[in-house]
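The values are calculated or read from the model by the stated rules, or taken from the named source; none is laboratory data. Here the structure is a predicted model, which means the values were calculated and not measured. Cβ sites come from the backbone with ideal geometry, for glycine too, and all protein chains shown count toward neighbours. For accessibility, only protein heavy atoms count, side chains too; no ligands or nucleic acids. Shrake-Rupley method; radii C 1.70, N 1.55, O 1.52, S 1.80 Å.
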Amino acid sequence: MSLFVPKFDESVIVRDAEAEVVGGAPVGVKLLADSSASGGALSTVRVTLGEGADGARPHLHRNSAEMFYLLDGAAELLSGDDIVTAERGDLVIVPPGKPHAFAAVPGSTADILIVITPGVERFEYFRHLQRLRLGEATLESLLEAQELYDNHYLQSVAWEGRR
């Protein structure tokens, strides 16, 4: 077992009113702390999903675990080949290398705190997704950046067949 010791000297304080938000209805992402702010310890965002909205397509992270904490609402989370329904107060942690995805349960919204550890510079990933939504970037450009963001897309029969 190796021990990763993050290197940063000051506490990280992010004021709600000052946090950058990308997207909007039906999917908004509040950028809270990136890896560089925490000495590589973690990256964290808050994702709000409108009723039944998809949050992330099936993917995996080779080098990081991802934690999902449901602040409110209900979400479906893919974990490997299993689909778990998480509700307010539930916590799901997906280990490195395990396929996962998430979406609001049909008829419900979801407000999710997401933490990736160890951290990866992810803010630019979410900005890239926003540029893709606005037609300012191509899907190919996102696929070319999978290694950079440690975000590797894949197919999931379980996820595609859930609704």
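Taking K and R as +1 and D and E as -1, what net charge do the other residues with C-beta under 12 Å from the C-beta of Leu49 add up to?
Result for the local shell: -4.
Report the antiparallel proportion of the DSSP beta bridges in the chain as a percent, rounded to a multiple of 5.
Counting DSSP beta bridges with both partners in the chain, the antiparallel share is about 100 percent.
Starting with the highest mean, order 59-66, 127-134 by the number of other Cβ atoms within 10 Å, averaged over the residues of each peptide.
Highest to lowest by the protection proxy: 59-66, 127-134.
To the nearest 500 deg cm²/dmol, what mean residue ellipticity at 222 nm is calculated for the chain from DSSP H runs of n ≥ 4 alone, each contributing -39,500 (n - 2.57), summed and divided by the residues?
Rounded to the nearest 500, it is -3500 deg cm²/dmol.
Determine the sum of side-chain charges near Leu70: Lys and Arg each +1, Asp and Glu each -1, restricted to other residues whose C-beta is under 10 angstrom from that of Leu70.
Taking every other residue near Leu70 into account, the sum is -3.
Determine the gain in length on full extension of the stretch Val84-Lys98; use 0.36 nm per residue of separation and subtract their C-alpha separation, reporting nm with one decimal.
Using 0.36 nm per residue and subtracting the Cα-Cα distance, I get 3.6 nm.
What's the ranking of 101-109, 40-48 by average number of surrounding C-beta atoms within 10 Å, highest first?
Per-residue mean Cβ counts within 10 Å order the peptides as 40-48, 101-109.
Tally Lys and Arg at +1 and Asp and Glu at -1 over the other residues with C-beta under 11 Å from the C-beta of Lys30: what net charge comes out?
-3
What's the magnitude of the charge dipole for segment 11-133 around its Cα centre, counting Lys and Arg as +1 and Asp and Glu as -1 at the beta-carbon? Answer in Debye, nearest 20.
360 debye
Using the Cα centre of segment 100-149 as origin and beta-carbon charges of +1 (Lys, Arg) and -1 (Asp, Glu), tell me which of Ala110, Tyr125, Leu142 is placed farthest towards the positive end of the dipole.
Ala110
Taking the solvent-accessible surface of protein heavy atoms with a 1.4 Å probe, what is the per residue accessible area of segment 1-54 in Å²?
Accessible surface, normalised per residue, equals 64 Å².
What whole-number distance in Å separates the alpha-carbon centres of segment 1-31 and segment 119-156?
Taking the Cα centre of each part, segment 1-31 and segment 119-156 sit 18 Å apart.
Cα axis of helix 123-133 to longest principal axis of the chain: angle in degrees, 0 to 90, nearest 10?
With rounding to tens, the tilt is 30 degrees.
For the chain, what's the relative contact order in percent, using C-alpha pairs closer than 8 Å and at least 6 residues apart?
Relative contact order here is 26 percent.
Using the Cα gyration tensor of the chain, with a ≥ b ≥ c the square roots of its eigenvalues, what is the shape: rounded (a/c below 1.5), prolate (a/b larger than b/c) or oblate (neither)?
It comes out rounded by the Cα gyration axes.
State the extension gain, in nm to one decimal, for the chain segment bounded by Ala145 and Lys7, taking 0.36 nm per residue of separation less the distance between their alpha-carbons.
47.1 nm
Return the carbon/sulfur percentage of the accessible area of the chain, one whole number, probe 1.4 Å, all protein chains in place.
Of all accessible area on the chain, carbon and sulfur atoms account for 53 percent.
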